[in-house]
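Taken together, the values in this text are just the output of simple stated rules run on the coordinates, not laboratory data. This structure is a prediction, so every number in the text was calculated from the model and none was measured. Positions of Cβ are generated from backbone atoms using ideal geometry, with glycine treated the same way; all protein chains shown enter the neighbour counts.
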Amino acid sequence: MERAWLDELSEFIRIPSVSADPERSGAVQQAGEWVCDFVRRAGGEAELRDWDGHPLALGEIPASAGNGERPTVICYGHFDVQPPAPLDLWESDPFEATLRDGRVYARGIADDKGQLYMQLKAAEELRARDELPVNVRICCDGEEETGGHSIVDFLAADERGGDACVIFDAGMLKRGVPLFNVATRGLVYFHLRVRTGARDFHSGIFGGAALNALHALVQTLDAVLAKDGRLPEPLRAGLAPPTEEELSAWAHLTPGAEELAAQGARPLDAKAEEEFYLRTFAEPSLDVNGIEGGSPQLQKTVLPVEAHANLSIRLAPGQDPEQIAPEVERLLREAAPEGAELEVTRLSSARPGLVDPESQVVQLGLEAFERAVGTRPLLVRSGGTLPIVPALADKGIPTILTGFALPESNIHSPNENLLAEYLPLGVRAAGELYRAFGSLEPGGSGLATRD
């Protein structure tokens, strides 16, 4: 890895662009400006545009030749990051890129500043050598970690589009085994509030007779939780089951038992290890992300009358948030005990995404990655959510969704990291993709299957 690259990337990492923290909004703007400045230095044009209160870094690094009549490749990445807490678990400053034992540690190094940098650097280097065969169109947002709707709305209004899109915001199966994600799960996020009385009560005087908000909340939540690894049927409506070919391919992935054990996770039930990929790639899942109420630390013998919870449901490919979200709320309301006041607020949603694995762009991308990395990527679904993927599909723009994070990269956790050797490898892979897409027909969809 070139030291100059790490120094340059460190400037980007050093900006604490935590979109979930309102006090960091200025830093998010600063990170967007950093992207725009990079594009300008690379010979392109860029601006930081406000899109309904969220910053978008928009610009373009033009092809080295062709007077604009060259294929256009959209480069997407996000310049916001997750909060670094808990800080006491970090072994180094989360906003200072630290090289240690062959890895670079920092918040955002894998998700997604480091990976976005790979794409930008590849375009810059090809342009500097007059070898950039495509127009690299920069479309990056600063709120992916808190919704990612600004870039979706921008693409919906955008009339230009592109011939392909490249997204480095994912990972490898393991060292040396790259993946192309051809499907992503959707997401609907809810906040619940339960109220069961005018004030907290003495648990000795009223316990067993008055409603307890925490009990009511637990009873309500139980109605939407998975049983034997499957959500209630109304929450499975519309899912596109995997093909036999997909199931056969997943059988060659790291066994589910190993995936769970490597992360220190414990299986949900007896079949969770065997069905790991089916459940995380092709089934919806619902998780309670947080519960608040009463006094879980102090010894306080009260009967709480207000409780809160956040819950999210990951939607399988084929499902529609507008169909599933009302069913979640219906099941919750039907399960709430009589006398409990239940408020359900839908905070955000995103549709699942599908990519045609037979498209010309994906097939060219597989060959380009094999040249750069030495191994042909596996085609898999992703358990995560990326709102831009279905938005690109709506525009007929085929997408390469891949990346260089590893299972041990600690994304969204303390000590997030990336193998130092993967930084130049990612730059090389991005460059090979740009070279390969130079053969696309400008203005075409890139969807046609190759002969």
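Between the labelled values (1) 23.5, 76; (2) 23.3, 82; (3) 25.6, 84, the entry that holds Rg and Dmax of the Cα atoms in Å as derived from this structure is (2). Ranked by how many other Cβ atoms sit within 10 Å of their own Cβ, fewest first, the residues 50, 169 fall in the order 50, 169. Each Lys or Arg adds one and each Asp or Glu takes one away; over the other residues whose Cβ falls under 11 Å from the Cβ of residue 442, this sums to -2.
Placing dummy labels 7 Å off each Cα toward the beta-carbon, the span from residue 92 to residue 268 is 3.6 nm. The ranking of 189, 76 from fewest to most other beta carbons within 10 Å of each one's beta carbon is 189, 76. The modelled label-to-label distance for the pair residue 333/residue 237, using points 7 Å beyond Cα in the direction of Cβ, is 1.4 nm. Centre-to-centre, using Cα atoms only, the range 183-223 and the range 349-400 are separated by 41 Å. Within the shell defined by Cβ-Cβ distances under 11 Å, the residues around residue 90 carry a net charge of -4, with Lys and Arg each +1 and Asp and Glu each -1. With a simple spin-label model that places each label point 7 Å from the Cα along the Cα-to-Cβ direction, the separation between residue 230 and residue 370 comes to 3.9 nm.
So for 348, 439, fewest C-beta neighbours within 10 Å to most, what's the order?
In increasing order of surrounding Cβ atoms, one gets 439, 348.
Straight-line reach from residue 227: taking Cα to Cα under 20 Å and skipping same-chain neighbours fewer than 8 places apart, the lysines in range are 271. Of all lysines in the structure, those lying under 28 Å Cα to Cα from residue 395, and not within fewer than 8 positions of it along the same chain, are 113, 121.
Note on the chain: antiparallel DSSP beta bridges, both residues inside, total approximately 75 percent of the bridges counted.
This model, with +1 at the C-beta of Lys and Arg and -1 at the C-beta of Asp and Glu, gives the chain a dipole about its Cα centre of some 380 debye.
Could you please report the charge total around residue 27, scoring K, R as +1 and D, E as -1 over all other residues with beta-carbon less than 14 angstrom from its beta-carbon?
Numbers: positive: 14, 24, 107, 113; negative: 11, 21, 23, 33, 80, 143, 145.
Summing Lys/Arg as +1 and Asp/Glu as -1 gives -3.
Taking 0.36 nm per residue of separation and subtracting the Cα-Cα distance, full extension of the segment from residue 358 to residue 223 would add 44.6 nm. Relative to the dominant Cα principal axis of the chain, helix 422-437 is inclined by about 60°. From its DSSP helices (H runs of at least four residues, each -39,500 (n - 2.57)), the chain gives a residue-normalised ellipticity at 222 nm of -9000 deg cm²/dmol.
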